[in-house]
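The values are calculated or read from the model by the stated rules, or taken from the named source; none is laboratory data. Keep in mind it's a predicted model, so treat the numbers as computed, not measured. Backbone-built Cβ (ideal geometry, glycine too); neighbour counts: all protein chains shown. With ligands, DNA and RNA removed, areas are computed over all heavy atoms of the protein, side chains included. Shrake-Rupley method; radii C 1.70, N 1.55, O 1.52, S 1.80 Å.
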Amino acid sequence: MGDAVEFVSTVFDGYELVAGIEGEGRTIVLIPGHTMSIDRWLNFGYVDDLSAEHRVVVVDPLGHGRSSNTSEVDAYGPDQLVAHLLAVFDRTETESADVWGYSRGALMAGLLARHSPERVKSLIYGGNVLFDPRPVLAELGLLPSPAALEEMHARAMTGDWSAYWGAFPHPLPDALKADIESRNDLGSISASGLAVHRYPVRWEVPEGVPTLAYWGSGEIFHQLNIDAASEQNSATSVVGGAHAEAFALCRPAIEVAKAFWGSID
């Protein structure tokens, strides 16, 4: 599994960014979510399946997997995330690609598609909200204050994972939390998560880029996404499970993706 992956790296703004490449044909770029890495796409079978017919480039974002760690929040701002992806595109000689991101990776993919639509043939936006969640969270009393978030990051810098989990947006089983803690640098994960709050980005369908948004039927934002999608020019689909489970459902997700690509070719 993943034995044929070629890992390459590039240095951008002083940080090493790592990507894996496998297969030949039209390029698909995969971007993992927060606390995830290249290995998650490998372990659940996405790369093996897709690389049978495509050239797959799978990315470790800054602060994740094999790429550099940094606890500097500003390194994860929207402009920086786009620049990092473009650096990986250039390093892997990817002129343009079908781009598939999940969770925070979907946010990154959407930013790239809006900034550089000529580099994105199509966009799959997985496991993320299609609306501005802040008013909803505020109404439910679940929107942390900027001061609370900054305090959480300061505590995380001392190695306090409990502070980080206290501000995490999705409920996760204890076993998964332990796994995440074992393979991530807390300072980097905290900083990249804080950047989402410090520099909020509202979802917009990228003009001129065919887009599919999908998510799990067990997501806490399931119905709100349905409502928001009705007003947007995007294909949509729903797979089973909540946030983590929806990603683990590799086969249903790939079937949805292939049907989408077939509809736009």
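Under the simplified labelling scheme, the residue 26-residue 8 pair shows an inter-label distance of 2.1 nm, with each label point 7 Å from Cα along Cα→Cβ. Only one of the listed values, [x] 47, 42, 34; [y] 67, 40, 33; [z] 111, 38, 32, was derived from the coordinates as Cα extents along the principal axes in Å; which label is it? Read-out taken from this structure: [x]. Shown is the FRET efficiency for residue 157 and residue 183, computed with R0 = 22 Å from the Cβ-Cβ distance and rounded to the nearest 0.05: 0.70. In order along segment 216-223, the phi-based Karplus estimate (6.51 cos²θ - 1.76 cosθ + 1.60, θ = phi - 60°) of 3J(HN,Hα) comes to x, 5, x, 5, 5, 9, 3, 5 Hz; Gly and Pro are listed as x.
Rg over Rh for segment 166-240 works out to 1.04, both radii taken from alpha-carbon positions and Rh defined as the Kirkwood radius.
Put simply, the amide H of residue 103, placed in the peptide plane, has neighbours under 5 Å in 126, 127, 128, leaving out anything fewer than 5 places away on its chain. Largest first and in whole Å, the equivalent-ellipsoid semi-axes of segment 35-172 read 29, 17, 16, each the square root of five times a Cα gyration tensor eigenvalue.
Note the per residue figure in Å³ for the convex hull of the C-alpha positions in segment 141-265.
Taking only Cα atoms, segment 141-265 has a hull volume of 141 Å³ per residue.
Here the accessible area is traced with a 1.4 Å probe on the protein chains. For the chain, carbon and sulfur cover 50 percent of it.
If each residue of separation counts as 0.36 nm, what is the full-extension length gain between residue 174 and residue 96 once their alpha-carbon separation is subtracted?
Working: separation 78, 0.36 × 78 = 28.08 nm, distance 3.92 nm.
Taking 0.36 nm per residue and subtracting the Cα distance, the gain is 24.2 nm.
Taking a Cβ cut-off of under 15 Å around residue 153, the surrounding Lys, Arg, Asp and Glu residues balance to a net charge of -4, with basic ones at +1 and acidic ones at -1. Taking amide H positions as modeled 1.01 Å from N, with prolines and chain starts lacking one, the residues under 5 Å from residue 240 and 5 or more places away or on another chain are 217.
Using a probe of 1.4 angstrom and keeping all protein chains present, the accessible surface of the chain works out to 44 square angstrom per residue. Near residue 120: Cβ cut-off under 12 Å, other residues only, Lys/Arg at +1 and Asp/Glu at -1. The net charge is -1.
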